[in-house]
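Step one of this worksheet: look at the structure below.
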Amino acid sequence: MEGTRHLRELTKDVQSAVDAYIESDDIANYKELQTCLTRLQVASTKPPDTLFTFRLQMIENIAIAMLLEMGILDALVAKQGGTAKAAELAAATGCDELVIARLMRIPCALLFCDEMDEMTYRANHITSLLVEPGQKGSLRWNEALYPIVTDIRRFLSSTSFGHTSGESAPSAFEFSHGKTIWKLLEEQPDQRHNFELLMRERKKHEENLWHRRFPPCALLSSANLKTDPEAVLMVDIGGANGSQALSFKAQFPHLPGRYVVQDLFFPKPDGASKPSEGVELMSYDFFTPQPVKGARFYYFRNVFHNWSDKKCAEILRNLVPAMDPEYSTLLIDDFVLPTKDTQLRGALSDILMMVTVDALERTSRQYEELLRAAGLKIVNLFAVGTNEEAVMEVKIV
């Protein structure tokens, strides 16, 4: 643990950051507050304690997953702000009272719920979020990631502990499962459902939709857009059910032009792949030539971070010939990591991309190099959000 003087200095930093955030809850102040709090927590904790809890973070996930699968947290949230004893939760779920009490120590210690008295609990805002379908799906999807932890040393040995990226080498995910993440999603409908719940939950908590983070949208009008019936305003490539295109259309209903959403649509019995009103769904593989020519916007959200530089170059080679140099804009909506002081969330996402799909979250410099090789350049970058995401406006050179 750090000396008393240093702790006092860090405490002052936290207070200053709190004051700044109360004054203006913008992204810069939010990040500074999180950084100051983390520094104080680490400095005030004995290093062995810090490393002990770090080493056993997987147990936190296991305990929360058990509480969700056993229905205990749902039963607690159902109290609607009231308290519940372990015995009551046992009666409501049929689970053992002692097991409940032992498991509940984890979310209480994490402040994911409130411990009101001995074996007595109350749900808080974190508990209420945890029982949402997307959060449950996220933890169930983690089952596909756990084997990577078990196999990582063996995987690194197979790559001679060197650079893991390479077209001929499998990702850590593929090494553990014997198949790519895309193949697993195709073959396991239950895990595909969990993955989709995860993605949906993430979108639900986005600070801003892409068009609200892209100021040039406000300048669009019939005067500067193609108005013929076949003109395409937006192509959302890899856009799943078209939520981004639909939100854009809802925000700017007066703008002329068609909306096309492209993806490799899996057959879904629930009808989730049916087109939404005003949006055309097109089955398309972005490693083949782009069939929609001369659109105003070609939009990629969280696509490039799934692929290596070589694969991204292939995507761009298939896109650029379809773009009108005087009219079309490529929009890349993705993580853009800073070159230093990356927040933990962005750093975690980068390593997640490394081990699951042998890809990466890029810095703006890395994106510039990737795009330059394809005859493109970033003309604007609009960064908004706590998780290092940004919208890049890209044009043909």
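The values are calculated or read from the model by the stated rules, or taken from the named source; none is laboratory data. This structure is a prediction, so every number in the text was calculated from the model and none was measured. Cβ atoms come from the backbone with ideal geometry, glycine included; neighbour counts cover every protein chain shown.
M116 fulfils the conditions (1) in contact (Cβ under 8 Å) with a residue 40 or more places away in the chain; (2) of a type in the set (A, V, I, L, M); (3) not in a helix (DSSP H, G or I) except for a single criterion, (1). One residue stands out among those in region 291-311 that are surrounded by 19 or more Cβ atoms within 10 Å (Cβ to Cβ) and of a type in the set (D, E, K, R): the one that is modelled with the lowest pLDDT, which is R301.
If the condition is being assigned to a loop (DSSP other than H, G, I, E, B) and in contact with a Phe, Trp or Tyr (Cβ under 7 Å, 6 or more places away or on another chain), then region 324-362 contributes S328, A359, E361. On the given criteria, is A87 touching a Lys or Arg at 6+ places or on another chain (Cβ under 9 Å) and either assigned by TED's automatic domain parsing to the domain that holds Q15 or over 30 Å from H6 (Cα atoms) (or both)? No. Here is the figure for region 8-48: residues that are aromatic (F, W, Y) and closer than 16 Å to E388 by Cα total 1.
Based on what the data block shows, is C36 crowded, with 18+ Cβ neighbours inside 10 Å and out of contact with any Pro (no Cβ under 7 Å at 6 or more places or on another chain)? Judged against the criteria, C36 is a match.
Among the residues of region 301-323, those that are of a type outside the set (K, R) and outside any helix (DSSP H, G or I) comprise N302, V303, W307, S308, M323.
Taking region 113-150 as the range and being among the basic types (K, R) and closer than 15 Å to R200 by Cβ as the test, the residues that pass are K136, R140. Under the condition of being modelled with pLDDT of 85 or more and within 25 Å of the chain's Cα centre (by Cα), the residues counted in region 265-290 number 8.
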